[in-house]
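Okay, so here's the structure we're looking at.
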Amino acid sequence: MLEILQYEFMVRAFQAGLLVAVIAPLIGIFLVLRRYSLIADTLAHVSLMGVALGLLLRVPPLVTAFVVSVVSSVLIERLRLSQRVYSDAALSVFLSGSLAMALLILSLADGFSVNLFSYLFGSLVTVGPSDLYLIGSVGLVVLLSVFLMYKELLFVSFDEEGAQVAGIPTRLVNILLIALAGLTVSIALPIVGALLIAALIVIPILIALQFRRSFVATILIAEVVSVFAVISGITLSYYFDLSAGGTIVLILVGLFCLSLLKRP
Amino acid sequence: MAETDPIISLENISFSYDTKTDVLEDVSLFVDAGSYLGLIGPNGGGKTTLLKLMLGLLKTRRGTVSLFGTPIRSFKQWPRIGYVSQRAISFDALFPVTVEEVVRMGRYARRGLFRRLTDEDRQKAETALRDVEMFEYRTRRMSDLSGGQKQRVFLARALASEPEIIALDEPTTGVDHETEEQFYVLLKKLNQEQGMTLVLVSHDLERVAHEASCVAVVDTTLRYYANPADAIASESLPKVHHH
């Protein structure tokens, strides 16, 4: 048996990491193709506010992170649809606003700053046994939703107007996609940390797009890339005592650079 | 629905994007089953707006829209209507999707939420691809096709839902003359051999008057011509032609 798997927290990290690695591209492909990449980053900061709230209220931080990010994702979509502000500007309001809120909560109740930092940058020991159940069940919900809504998500991402004429409830599909993104971001929080989540959701897709294949093949390539990066990242971070999130994302960036060398 | 109900009826429609000027003013139009209607008019005259009102993509300010005899607000049988937008021109070259994947989208609404496509759906998509003579390209990526080929694939997607009417918005924009010619031949075949009802938006009066069985000139208000030749004779061509 590998030495690394003798530690329970490492086993948990691998289990949670694997789950996040599988789910991130499933949501990522729709976000990237709809030009929603920035939403992942925004929701990551929003869920950080959820974590701070959870620490303050002494509720499991992942639970508050889920709730806050799903509620915000609906609000973001509504603000975007209202056309009262540009959609990227709407995102930056949410991004900095929720980070500011997290900092405020942090300064209100001193003493858990170290804990919050582990959510900011990710830390493998953060994944407790109860977290794993939570990550597992939320992950399952996301997986099942994408499986059941696959054709609607694809149609709306490809041609929103065409989907609407075909009778597909496009507004519902849009809100659901963003809510699922919110959930995905929150479960990735302990592994890669809020500041690096967007990379895990976006980069495997960008790499897979370079292969210029069908939609299904693109998802599969992104899955392979994502799982490889997360497993090898966690392993390397253990043996060389590196930040797991940082290692995972740098592996992805490295693979992305390699994929650009491929002839278009 | 009674036999005699028009497929699309617009009654006294007005529409404006802002509150000041009406893009369309008191327009009434009926599309009967089996007809081939050309909607023409100058840019900004409101022909695409009119099409979008028919498809429920825009809501009227005044007047009523009915599809197959049902008011559009309560209309649910969307697979009976096919739509070919100008999507082929603004196609995102990075979007990873094959011809087959696009045409199968035409079956999605028929299948319904949460359901997966069946062999029958795949079969219908294949037939639609054969109808537009794009079957050999089924495994190609959309971004590898020419503009005319893409437009055929979008037509196949509309056909795959087995519609009774297809609405097309300037389908041959940015396509070379020969490809355009072939596309019109295909449309005529659909109309005459399969009895498909067609609504075609175009800025090219002479071209459309040649193809369609009736013509409506949209320029804020609407003038309808049951005989396309009358449209050419009556419309002041410089006003309609904006190339």
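Output yes when any residue across region B:81-92 is farther than 30 Å from A:PHE215 by Cα, in contact with a strand residue (DSSP E or B) (Cβ under 7 Å, 6 or more places away or on another chain) and buried (at least 17 other Cβ atoms within 10 Å of the Cβ), and no when none is. Steps first, please.
Step one: list which residues in region B:81-92 are farther than 30 Å from A:PHE215 by Cα, which gives none.
No, that holds for no residue.
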As an exercise: evaluate B:VAL153 against (1) in contact with a helix residue (DSSP H, G or I) (Cβ under 8 Å, 6 or more places away or on another chain); (2) closer than 30 Å to B:GLY69 by Cβ; (3) within 13 Å of chain A (Cβ to nearest Cβ) and give the number of the one condition it does not meet. (2)
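Restricting to region A:158-196, count the residues that are hydroxyl-bearing (Ser, Thr, Tyr), at pLDDT 90 or above and either farther than 21 Å from B:LEU51 by Cα or in contact with a strand residue (DSSP E or B) (Cβ under 8 Å, 6 or more places away or on another chain) (or both). Show your work before the answer.
So the first thing to find is which residues in region A:158-196 are hydroxyl-bearing (Ser, Thr, Tyr), and the list is A:170, A:184, A:186.
The next check asks that each one be at pLDDT 90 or above; those that pass are A:170, A:184.
Now restrict to residues that are either farther than 21 Å from B:LEU51 by Cα or in contact with a strand residue (DSSP E or B) (Cβ under 8 Å, 6 or more places away or on another chain) (or both): A:184.
Residues meeting the conditions: 1.
Looking only at region B:225-232, decide whether some residue is of a type in the set (Gly, Ala, Ser), over 15 Å from the mean Cα position of the chain (by Cα) and either part of a helix (DSSP H, G or I) or modelled with pLDDT of 85 or more (or both). If you could, list the steps in order and put the result at the bottom.
Looking only at region B:225-232, we keep the residues that are of a type in the set (Gly, Ala, Ser), and these are B:226, B:229, B:231.
So of that shortlist, the ones also over 15 Å from the mean Cα position of the chain (by Cα) come out as B:226, B:229, B:231.
Filter again for either part of a helix (DSSP H, G or I) or modelled with pLDDT of 85 or more (or both), leaving B:229, B:231.
So far as region B:225-232 goes, yes, one or more of its residues are of a type in the set (Gly, Ala, Ser), over 15 Å from the mean Cα position of the chain (by Cα) and either part of a helix (DSSP H, G or I) or modelled with pLDDT of 85 or more (or both).
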Do the conditions hold for B:PRO42, that is, is it in contact (Cβ under 8 Å) with a residue 60 or more places away in the chain, in contact with a Pro (Cβ under 7 Å, 6 or more places away or on another chain), farther than 30 Å from A:ILE205 by Cα and surrounded by 15 or more Cβ atoms within 10 Å (Cβ to Cβ)? no
Can you name every residue in region B:50-69 that is in a loop (DSSP other than H, G, I, E, B), away from chain A (no Cβ under 14 Å) and under 30 Å from B:ARG207 (Cα atoms)? B:THR60
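For region B:1-49, what are the residues that are among the β-branched types (Val, Ile, Thr) and not in a strand (DSSP E or B)?
Taking region B:1-49 first, the residues among the β-branched types (Val, Ile, Thr) are B:4, B:7-8, B:13, B:19, B:21, B:23, B:27, B:31, B:40, B:48-49.
Matches in region B:1-49: B:THR4, B:ILE7, B:THR19, B:THR21, B:VAL23, B:THR48, B:THR49.
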Looking at B:ILE72 and the list (1) under 18 Å from the mean Cα position of the chain (by Cα); (2) at the interface with another protein chain (Cβ under 7 Å from one of its Cβ atoms); (3) over 24 Å from B:LEU187 (Cβ atoms), which single condition is not satisfied? (2)
With the condition kept exactly as written, say whether any residue in region B:10-27 is of a type in the set (S, T, N, Q), surrounded by 14 or more Cβ atoms within 10 Å (Cβ to Cβ) and within 29 Å of B:PHE183 (Cβ to Cβ). no
Can you give me the number of residues within region A:194-218 that are under 15 Å from A:PHE228 (Cα atoms) and more than 14 Å from every other protein chain (Cβ to nearest Cβ)? 4
How about region B:85-109: which of its residues are within 20 Å of B:SER161 (Cβ to Cβ), more than 9 Å from chain A (Cβ to nearest Cβ), out of contact with any Gly (no Cβ under 8 Å at 6 or more places or on another chain) and at pLDDT below 95? B:GLN86
Among the candidates A:ILE175, A:ILE203, A:ILE187, A:ILE221, which residue alone is closer than 25 Å to A:ALA65 by Cα and surrounded by fewer than 24 Cβ atoms within 10 Å (Cβ to Cβ)? A:ILE175
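With a cut-off of at least 3 residues that are out of contact with any Asp or Glu (no Cβ under 9 Å at 6 or more places or on another chain), name the strands (runs of 3 or more DSSP E) lying wholly within region B:123-223. Break it down stepwise before answering.
Working: elements: B:165-169, B:197-202, B:214-219.
Here the list reads B:165-169, B:214-219.
The values are calculated or read from the model by the stated rules, or taken from the named source; none is laboratory data. Since this is a predicted model, take the numbers as computed values, not measurements. All Cβ positions, glycine included, derive from the backbone under ideal geometry; neighbour counts span all protein chains shown.
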